[in-house]
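Presented below is the structure to which this report refers.
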Amino acid sequence: MTRKRKWMLGIGLVAGVALAGVGTWVVLNFADLKASYAVSQLRKAPTDEERAKAADSLIAMGEPGLKRLVELVRCPDQHCRTAAATALDRYLDTLPDGDSRAVALVGQVLEGFPTAEASGQAAVLEMLPVMLKKTGNIHATKCKAVVAAGLKMPEPARRVFTTRLAMHPEVQMGNELVPLLTAPEAEVRQAALFAVAAVEGEPLLGDEELFHFLHDSDEGVRKVCRDALVGRDRSEIEIALGRRLTDPDPVERLKLLLDLRYDDDVADPEPWLERLSRDVEPAVRVGAARVAIEVSVVRQLNCPGWIGRVTDADPDPTVRRIAGYFRRQVASRVDMNVRPVGAP
């Protein structure tokens, strides 16, 4: 055998081994290569329909394709991101609740949320309803982190969307909605008030706090507030009183004192007077004490116990002095053990 022939055989052997190695690598990595090709097709697709078709082909590949879609949810390209999120959302919806595949996939999506760009985080937020439905409380901590971020997103529509998620049984972040009640956007205030006021069990807002929203600048917010009060069995008279009780104009609150003194439509004015005795305006506080004392005299009742708080502990010395004067006029009728049975 000549030296040239040996050299050629050696080259052929090396090439054969190399080709065999390449073939083996291709066989072992065929699924990933196929997924990479599908991703390339999705990125280059000119229409939503073609992008959806490419995303569905990734779903059909199983784990390799799903992994690529999870990555695409966080990509900066809006079209690719939307196609990936929609496909994953649709795939999750086909799985039974609590399915191990859903649990694993949702975990992957949530894992990348903290490092995703704002657009990617918004895409994950939109997927949260189906993720919660399929996994329950398994990923509750991470889901709460997504909700917390959603409530702070600059887009009003995102915050409105997140208010509903905050009240989900597996999330229960109603307290986080309270800051949104003062949001500059009316639609955000309306959504937050509806969620907070409609919560079952211990209310996040008392009736008196709700009364303040009867003065909101937005009609929709005012309607949500009124509906919530009606749902709490507040009568029309009580709602009207509550509106006046929280009127930002102190003159209107002083007028309310006169009506509580002389209007017989209010069967028991004392709880309302007690609230007015804690008003920010000194004139309203002392007026509340005077009216309460006069009502107790007219109706031959003991003076309510909170009168002592006004006369002895009010921060304004003038209020203490004037209220004390009226209290002494009926000293024989005062029973400090009497306490209001209700409150506005």
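What to note about this one:
- Long pairs among Lys144/Lys223; Lys142/Lys223; Lys223/Lys255; Lys53/Lys134; Lys44/Lys152, criterion Cα-Cα beyond 32 Å: Lys142/Lys223; Lys44/Lys152
- Average accessible surface area per residue within the range 58-149, 1.4 Å rolling probe, Å²: 43
- Rounded to whole numbers, the Karplus 3J(HN,Hα) couplings from phi for the range 225-238 are 4, 4, 4, 5, 5, 5, x, 9, 6, 7, 7, 4, 5, 5 Hz, using 6.51 cos²θ - 1.76 cosθ + 1.60 with θ = phi - 60°, and x at Gly and Pro.
- As a fraction of the 1.4 Å probe accessible area of the range 135-243, surface on carbon and sulfur atoms comes out at 54 percent.
- Accessible surface, per residue, of the range 169-327 when the full set of protein chains is kept, probe 1.4 Å, Å²: 50
- J(HN,Hα) series, the range 103-113, from Karplus relation 6.51 cos²θ - 1.76 cosθ + 1.60, nearest Hz, glycine and proline x: 4, 5, 5, 4, x, 5, 5, 6, 4, x, 4
- Summarising the amide proton neighbourhood of Cys303: residues at separation of 5 or more, or on other chains, whose placed amide H is nearer than 5 Å comprise Val334, Asp335.
- ³J(HN,Hα), Karplus 6.51/-1.76/1.60, whole Hz, each residue of the range 62-75, x for Gly, Pro: x, 3, x, x, 4, 4, 5, 5, 4, 5, 5, 4, 9, 6
- Which of Phe194, Phe326 is most accessible, then next, and so on - probe 1.4 Å: Phe194, Phe326
The values are calculated or read from the model by the stated rules, or taken from the named source; none is laboratory data. Source: prediction; values computed, not measured. We work out accessible area using only protein heavy atoms, side chains counted, and drop any ligands, DNA or RNA first. Shrake-Rupley method; radii C 1.70, N 1.55, O 1.52, S 1.80 Å.
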